[in-house]
């Protein structure tokens, strides 16, 4: 993941400073996130999102801070990120699907409403092939636009849109239980 973060920075000095911050603070940030989320994978995601927020919004501000102040700032970012993730995880997500059964006219155009826990959706996303999972992660979890996602994955915008569409269809099939093996 460090390589991905470094690709978002422009100058060698920024890359060096970020690498130092990353290596010095990643462990502490993981511990804080793990204490809030009680899940190693979610804690890693929180740390990654915190570093992404740092690069996108506040890296120049942290660059010149003394080590202890920079660490405090990074811990505060990851704590807020982990709390946000925890609150999202607790919400129940309602997913509505339109079903039509051709075999029996009684069920024609029946609307199926399924309530799923956020964790169930995350587990289904984790089972997606990597080609779809990374596009959906960058787009939905990190809020990347199509062009940002295309740039970070070094593919075309149309490929991103196609992978997002196919990934959503595959995810829907997995959540409905109609996925082909």
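Just to be sure before I move on: is residue 18 under 19 Å from residue 140 (Cβ atoms), part of a helix (DSSP H, G or I) and in contact (Cβ under 8 Å) with a residue 24 or more places away in the chain in the structure I sent? Spell out how you get there, then give the answer.
Details: under 19 Å from residue 140 (Cβ atoms): no; part of a helix (DSSP H, G or I): yes; in contact (Cβ under 8 Å) with a residue 24 or more places away in the chain: yes.
Spelling it out, it is not the case that residue 18 is under 19 Å from residue 140 (Cβ atoms), part of a helix (DSSP H, G or I) and in contact (Cβ under 8 Å) with a residue 24 or more places away in the chain.
For residue 93, the requirement of being in contact with a helix residue (DSSP H, G or I) (Cβ under 7 Å, 6 or more places away or on another chain), at pLDDT below 85 and either closer than 22 Å to residue 27 by Cα or in a helix (DSSP H, G or I) (or both) is not met.
With respect to being in contact with a helix residue (DSSP H, G or I) (Cβ under 9 Å, 6 or more places away or on another chain), surrounded by 15 or more Cβ atoms within 10 Å (Cβ to Cβ) and over 17 Å from residue 56 (Cα atoms), residue 142 falls outside the description.
The values are calculated or read from the model by the stated rules, or taken from the named source; none is laboratory data. Keep in mind it's a predicted model, so treat the numbers as computed, not measured. Because the Cβ atoms are built from the backbone with ideal geometry, glycine has one as well, and the counts that use them run over all protein chains shown.
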